[in-house]
Each structure stands twice: as C-alpha cells, then as structure tokens.
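What follows is a single structure, written as structure tokens, with notes after it.
No value in this document is a laboratory result; all are computed from the given coordinates. Bear in mind the structure is a predicted one, so any value in this text is a computation, not a measurement. Glycine gets a Cβ as well: all are built from the backbone with ideal geometry, and neighbour counts include every protein chain shown.
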Amino acid sequence: MAKTEASAAKKGAGKKSGVKLHAVLKWPDPVLAKKGVEVTAFDDRLKTLVDEMFESMYEAQGIGLAAPQIGISERITVIDVSFKKNPKDRLALINPVIIEAEGKQVEEEGCLSLPDIREKVSRAGWVKVKAQDVTGTWFEVEGDELLARALQHEIDHLDGVLFIDRISRLKRELVLRKIKKMQKNGEW
Ligand SMILES: [Zn+2]
C-alpha cells in the first residue's frame, strides 16, 4: 500500500546496504491476479526475502508490500504504517488470515502496483489477523483505521485482489481509462 503523501517514488531493482531491492510490479502484471501459495519452509531464504521486502517497500515509499507485487506468488506480506518511525509497527506476516472483522471505514487508498491512482475503498473498521512470523510461530495482530486498511489491502494481494477490484464498476472504468492514457504517454 502506498503512503498517504503523493508518491514520487522511483522504483527500481538494485542493492542498498547489502540488501537486494526488488522492483514493484505494476498492474496488469498477471502475477498480481494470482492467489499466492502458502509458505511451508521457515528458513533463511524466507528471512532474507522478508528483509528484502521491507527495504523494497521503503524504497518505493510504501507502508505495505505483498510478495506477489515483486513477482513471488507466496503468502507473505510486510507492513509498517508508521514508515520507520515506530519499530513496533514493523510487521512481517506469513500466511495471514483475517479471523475477526468489525465496523466499516471508507478512505482513500493507493497501491504501489497502481502508481498515482487513489480511490476511496470500503473496508472493515477493525480486524484481527492471525499469521506466522519468520520462524513459523503463530501470533495475532489487531488494528483499526490505517492498520486495519493495510492488513486488508495486503491480504487481498495474497488472493490476487487489488483495491480497484473493490470499487464501483464506473470508477474502475475511469481508473482503467486513466491507466491506458498513462501507458500511451509512456508514464506507466
Ligand atoms: Zn497494494
């Protein structure tokens, strides 16, 4: 999920402080529409991948990133709603599942895979999620407002769902038209 501020992110693969950075794939890359497979190996490869996902997310000015967005069709997502300000907001969720949801909020969302597109999306106001950490241990996290939105947005990615799949058909058509125009102008 993109930060609230206008994203002037320059996304690109590369290396920074020894961590490999992954380019974020844009819609309509087919991997974004695929359901991610469950993670079963809690090994060094997973730990490295999670570190790379955090750094790639920060590089792209994001507060949430799901593995399919970097071309890895697995149920892994990282979230940091405070964008490095509060270490306890740094969440790595493996095989996350929403186990409780309540209320409703309608707020603007952006997505690193849909740069410069922002639309109001209706989401649950509060969610409780269970997930595994990089060692495979199950834990629970709950949140409202921005954290609830980020959790729902990122878990959607693991099911091949983007926020533009959750807006009205008319709005979606307008968004697709805008993207087409940007593609034509070489801005996408
Ligand atoms: Zn997204």
On full extension of the chain, what length is gained from Glu107 through Thr137, given 0.36 nm per residue of separation minus the C-alpha to C-alpha distance? 7.6 nm
Spin-label model distance (nm) - Lys88 vs Thr40, 7 Å beyond Cα toward Cβ: 3.7
Starting at the first residue of the stretch 90-98, write each ³J(HN,Hα) from the Karplus equation 6.51 cos²θ - 1.76 cosθ + 1.60 with θ = phi - 60°, in whole Hz, x for Gly and Pro. 6, 10, 10, 10, 10, 6, x, 9, 7
A chain fully extended from Lys181 to Thr48 at 0.36 nm per residue, minus the present Cα-Cα distance, gains in nm 44.1 nm
Considering only Arg166, Arg177, Arg75, give the residue with the highest GNM mean-square fluctuation for the chain, with springs between Cα atoms whenever their separation is below 10 Å. Arg177
Quick calc: nm separation of the 7 Å Cα→Cβ label points for Lys171 and Val97 -> 3.0
Round to a whole angstrom and tell me the spacing of the C-alpha centers of the stretch 46-62 and the stretch 93-140. 17
Expected sort for Ser56, Ser73 with the fewest Cβ neighbours (10 Å cutoff) up front is Ser73, Ser56
For the chain the mean separation of alpha carbon contacts under 8 Å (6+ apart) over residue count, i.e. relative contact order in percent, is 22
If you consider only alpha-carbon coordinates, what radius of gyration and Dmax does the chain have, in Å? 15.7, 47
Exposure proxy ranking, count of Cβ atoms within 10 Å, fewest first, for Asp43, Asp51: Asp43, Asp51
Among Ala41, Met53, Ala23, the residue whose Cα sits farthest towards the positive end of the charge dipole of the chain (+1 at Cβ of Lys and Arg, -1 at Cβ of Asp and Glu, taken about the Cα centre) is Ala23
Net charge dipole size for the stretch 14-184 [Lys, Arg +1 and Asp, Glu -1 on Cβ; Debye, nearest 20]: 880
Which whole-Hz couplings ³J(HN,Hα) result when phi for each residue of the stretch 154-161 is put into the Karplus expression 6.51 cos²θ - 1.76 cosθ + 1.60, θ = phi - 60°, listed in order with x for Gly and Pro? 6, 5, 4, 4, 5, 9, x, 10
Here the net charge surrounding His157, from other residues whose Cβ is less than 15 Å away from its Cβ (Lys, Arg +1; Asp, Glu -1), is -1
Would you mind ranking Ser113, Ser82 by Cβ crowding within 10 Å, fewest neighbours first? Ser82, Ser113
